[in-house]
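Below is one structure. I have some questions about it.
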Amino acid sequence: MSLASLVSLSALTQSPLRILLIYPDGEASLTLSGLLQPLQMAAKAVGPARLQLESIALERALESGLPASAWPVAQLCLLVSDDASGALHVLGKEQGRILLERCQRAPVWGAVGAAVLWLARSGALEGARTALPWALYADAGQVAERAILTPNLFELDGHRLSCCGGAASIDFALCLIGTLFDARLQTQIQEALCVDRIRDASERQRQALQARFGVLQPKLSEAVTLMESNIEEPLATDDIANLVGISRRQLERLFKQYLGAVPSRYYLELRLQRSRQLLLESHHSIVQIGLICGFSSGSHFSTAYGALFGITPREERQRKLALGNATFPVSSKS
C-alpha cells in the first residue's frame, strides 16, 4: 500500500499545512537532510500560504517553562534522529513526558530513524505498525512485543507515522509531498534531486532478513529467505512451514505478528515488488516479467499488480517512459 492511499493524512489538508521537525541540536545526518531538503523545496515552490516548515532543536522542545502559546502549532510533528545512543535516548522520565506531550498535540505525529526506537520504547507506538531501522532490531527488546515491527521503509498507522530513516527519508518526504500537494510538484522535486525512482511505503528495507529478524525470530527469517529464493516458482505455504520445521499455524502467527500479513499475502507482495523493480529497471517484456515473478497468467499478474499498486503493469511501464522524457523546473514562485 502506498502512502498516497492512506486516508489518515486527510487531517493534513488544511492550509497552510504546518510541519514541525524536532532534532537533537548539532546532529547532522542523512535522515535529517533527506527530510529537510525535499520539504524545503516544496515550501519554496508552493509558498507560505500553503506550506510552513519549521525545525526546532530538542533542547528547545524540552524547555519546561515554555508556555503553550510559544509552542509551534503543527498538523504534522516528527522526531528525527540517527543516533541510537545520543541525546534523545538518554532523556529522563520527565523530559520524555514533556517531549511526547508536545509531539502529540499535532493531529499526525511520529518519528524518523533511530528516533523511532525511542518513541516505541515510550509506549507511544503500542499496537501500531512500525518501521524500525533494521540495524536496531537487536536493540528492540520488549518493543517488539508492544509495537508491530515491519521491514517496510515507512508506515502510517492511524495518526502515527514511522520511517526507518537514512536514504528512505527522501522517499518518505517525496511521498508526503505527492500526497499532500500533487504529483507534478513531487515530480519537479524528484527531478531536481536526481532521484531516479521514489520507493513507496510498502517497499522493504534492503538489508538481509537475517539482519532484520534473525536475532528475534530465526524461523521467520528462514521462511522469508525461502520466499526470496523462490520467486519464479513459488512454494506452497505448507511446504515453507515444513522446510523451516514449524506448523503452518505457527508460521502464519509469526507472519501476522511481525509482518502484518499471512504468508501467502506477503509472498505475493514480495513477487509483485520484484516485478515492479523489473518493470522500472529492466527491458524485459511485461509477459517475461510476469513469468519471472511466478505468474503463469498475464491477467492474474495484471490484476494482482493493480490491486497492490493502483496501476497496471502496462501503465507503470508507460508512466516510466513518460517521466523519462519529461523535465520540470522547480519554481520558487507560489
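The values are calculated or read from the model by the stated rules, or taken from the named source; none is laboratory data. These numbers were taken from a predicted model, which means no experiment stands behind them. Cβ sites come from the backbone with ideal geometry, for glycine too, and all protein chains shown count toward neighbours. Please note that ligands, DNA and RNA were not included when accessible areas were found on the heavy atoms of the full protein model with its side chains. Shrake-Rupley method; radii C 1.70, N 1.55, O 1.52, S 1.80 Å.
Conditions (1) under 19 Å from ASP200 (Cβ atoms); (2) of a type in the set (D, E, K, R); (3) under 25 Å from the mean Cα position of the chain (by Cα), marked per residue:
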| residue | (1), (2), (3) |
| --- | --- |
| ARG274 | yes, yes, yes |
| HIS283 | no, no, no |
| THR303 | no, no, yes |
| THR312 | yes, no, yes |
| GLU315 | yes, yes, yes |
| LYS320 | yes, yes, yes |
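Does ALA45 meet the test of being touching a helix residue (DSSP H, G or I) at 6+ places or on another chain (Cβ under 8 Å), outside any loop (DSSP other than H, G, I, E, B) and closer than 28 Å to THR150 by Cα?
Considered against the rule, which asks whether it is touching a helix residue (DSSP H, G or I) at 6+ places or on another chain (Cβ under 8 Å), outside any loop (DSSP other than H, G, I, E, B) and closer than 28 Å to THR150 by Cα, ALA45 comes out as no.
Follow-up question, since we're still on this one. Could you name every one of the helices (runs of 4 or more DSSP H) located completely within segment 182-256 that has at least 2 residues being within 22 Å of PHE154 (Cβ to Cβ), polar (S, T, N, Q) and modelled with pLDDT of 90 or more?
By residue number, 183-192.
If GLU145 satisfies all but one of (1) more than 16 Å from VAL112 (Cβ to Cβ); (2) modelled with pLDDT of 90 or more; (3) of a type in the set (Asp, Glu), what's the number of the condition it fails?
(2)
List the pairs whose first member sits in segment 217-229 and is touching a residue at least 12 places away in the same chain (Cβ under 8 Å), whose second member is outside any helix (DSSP H, G or I), and whose Cβ atoms are under 7 Å apart, counting only residues at least 6 apart or on separate chains?
Pairs found: LYS219/ILE246; SER221/GLY214; LEU226/LEU235.
Additional query: Go through segment 9-41 and give me each residue that's surrounded by 17 or more Cβ atoms within 10 Å (Cβ to Cβ), in a helix (DSSP H, G or I) and modelled with pLDDT under 90.
LEU9, LEU12
Related question: Which of the residues spanning segment 145-171 are in a strand (DSSP E or B), open to solvent by 20 Å² or more (accessible area, probe 1.4 Å) and among the β-branched types (Val, Ile, Thr)?
Residue satisfying the conditions is ILE148 alone.
Looking at ALA261 and the list (1) more than 24 Å from ASP157 (Cα to Cα); (2) under 20 Å from the mean Cα position of the chain (by Cα); (3) not in a helix (DSSP H, G or I), which single condition is not satisfied?
(1)
To continue, here is another question. Can you tell me which residue in segment 250-304 is least open to solvent (accessible area, probe 1.4 Å), limited to those that are among the basic types (Lys, Arg) and without any contact (Cβ under 8 Å) to a residue 12 or more places away in the chain?
My answer is ARG265.
Out of the residues in segment 311-329 meeting the condition of being surrounded by 13 or more Cβ atoms within 10 Å (Cβ to Cβ) and not in a helix (DSSP H, G or I), tell me which one is modelled with the lowest pLDDT.
Per the stated criteria, the residue is PHE328.
Can you pull out the residues in segment 129-140 that are aliphatic (A, V, I, L, M) and crowded, with 21+ Cβ neighbours inside 10 Å?
ALA131, LEU132
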